[in-house]
Amino acid sequence: MKRLQDRYALVTGAGRGLGAVIAKSLAEEGAHVAIHYNSSAEGAEAVSEAIRQSGRESFTVQGDITKWADVKHVAETVFSRFGRLDVLVNNVGDMASGQNSWREITEEAIDHVLAVDIKGTMLMIHEVGSRMLDQGSGSIVNIGSRVVAAGSPRAPQYAAGKYGIIGLTKSYALAFAPKVRVNTLGPGFIETERLLARKDWQTGRREQILSQTPLKHIAQPEDVMGPVLFLASEDSRHITGGFLICDGGLTMMGA
């Protein structure tokens with residue numbers, strides 16, 4: 001039996017990058033998966049079609065997670081189509097990939113990152129989690145970052161946004177207990193298209209990070225699927241309000 005056999009899942013920002021890989025991985029473990037997107041309609045439909053071809057149910061749903069009305073629409077659509085929802089993966093986040101230094105920060109950049117990472121994540125947890133609570137069970141996995149342990153001199157607003165997710169995780173884990181679990185995964189650097197396109201990554205940053213990583217490997221999206229599936233499934237049934245770091249040893253957390 002697969003870990004998520006015939007469970008129902010929703011992944012935000014699943015039209016490309018890490019979100020697309022997460023959605024397909026959940027389907028490989030037996031889940032039916034709703035694919036959320038904001039602007040990547042074509043990519044979202046391709047991911048959804050691939051999941052349907054594998055024998056699982058899937059459909060796309062559009063919405064801007066920084067708008068409460070959109071989030072309510074997403075939640076209502078998914079629960080109406082599936083009848084229930086067992087897993088939510090909050091993958092959408094803004095890493096301020098176009099910013100190369102804290103000196104480049106703008107008020108617009110601050111507002112955008114905090115709106116997506118904190119407000120958007122909060123609205124998704126709130127709307128989907130409350131419905132999971134009504135149905136009696138569910139698991140929410142937020143995609144955070146190891147930046148909460150290390151900080152970000154390049155983009156302080158990014159670190160602030162990810163710190164905010166930790167607060168949301170603990171707060172809603174307490175609010176939704178014991179029926180719905182809420183946890184956060186803290187990956188390190190993952191070589192998605194956005195990271196590969198960053199100027200600093202192309203001019204020595206990658207080599208620096210690689211030299212500092214004990215496992216001597218920069219994660220590919222597939223490398224973090226195991227931890228995502230662990231937190232989504234009953235394998236982590238006695239964990240809530242947790243933060244699981246996954247960065248090849250780059251940041252070793254103390255007790």
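Values for this structure:
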| read-out | value |
| --- | --- |
| Hits in segment 26-73 (condition: among the aromatic types (F, W, Y) and crowded, with 16+ Cβ neighbours inside 10 Å) | Y37, F59 |
| Segment 102-136: number of residues that are among the hydroxyl-bearing types (S, T, Y) and either touching a helix residue (DSSP H, G or I) at 6+ places or on another chain (Cβ under 8 Å) or over 25 Å from A155 (Cα atoms) (or both) | 2 |
| Near pairs, Cβ below 6 angstrom, 6+ apart or cross-chain, from segment 23-42 (farther than 18 Å from Q53 by Cα) to any residue that is of a type in the set (D, E, K, R) | N38/D64; S40/R16 |
| Identity of the residue in segment 99-145, of a type in the set (G, A, S), at pLDDT 95 or above and part of a helix (DSSP H, G or I), that ends up farthest from the chain's Cα centre (by Cα) | S130 |
| Selection status of D64, of a type in the set (D, E, K, R), part of a helix (DSSP H, G or I) and modelled with pLDDT of 95 or more | no |
| Sole residue being in contact with a helix residue (DSSP H, G or I) (Cβ under 8 Å, 6 or more places away or on another chain), touching a residue at least 60 places away in the same chain (Cβ under 8 Å) and closer than 16 Å to L133 by Cα, chosen from V87, V92 | V87 |
| Residue ID - surrounded by the fewest Cβ atoms within 10 Å (Cβ to Cβ), chosen from residues in segment 94-138 that are at negative phi and in contact with a Phe, Trp or Tyr (Cβ under 7 Å, 6 or more places away or on another chain) | L133 |
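Residues are listed down the side, and each one gets a yes or a no for (1) surrounded by fewer than 18 Cβ atoms within 10 Å (Cβ to Cβ); (2) within 30 Å of D111 (Cα to Cα):
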position	(1), (2)
G167	yes, yes
A173	no, yes
V182	no, yes
I190	no, yes
P214	yes, no
I218	no, yes
D235	yes, no
H238	yes, no
F243	no, yes
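The values are calculated or read from the model by the stated rules, or taken from the named source; none is laboratory data. Computed from a predicted structure; not experimentally measured. Cβ: placed from backbone, ideal geometry, glycine included. Neighbour counts: every protein chain shown.
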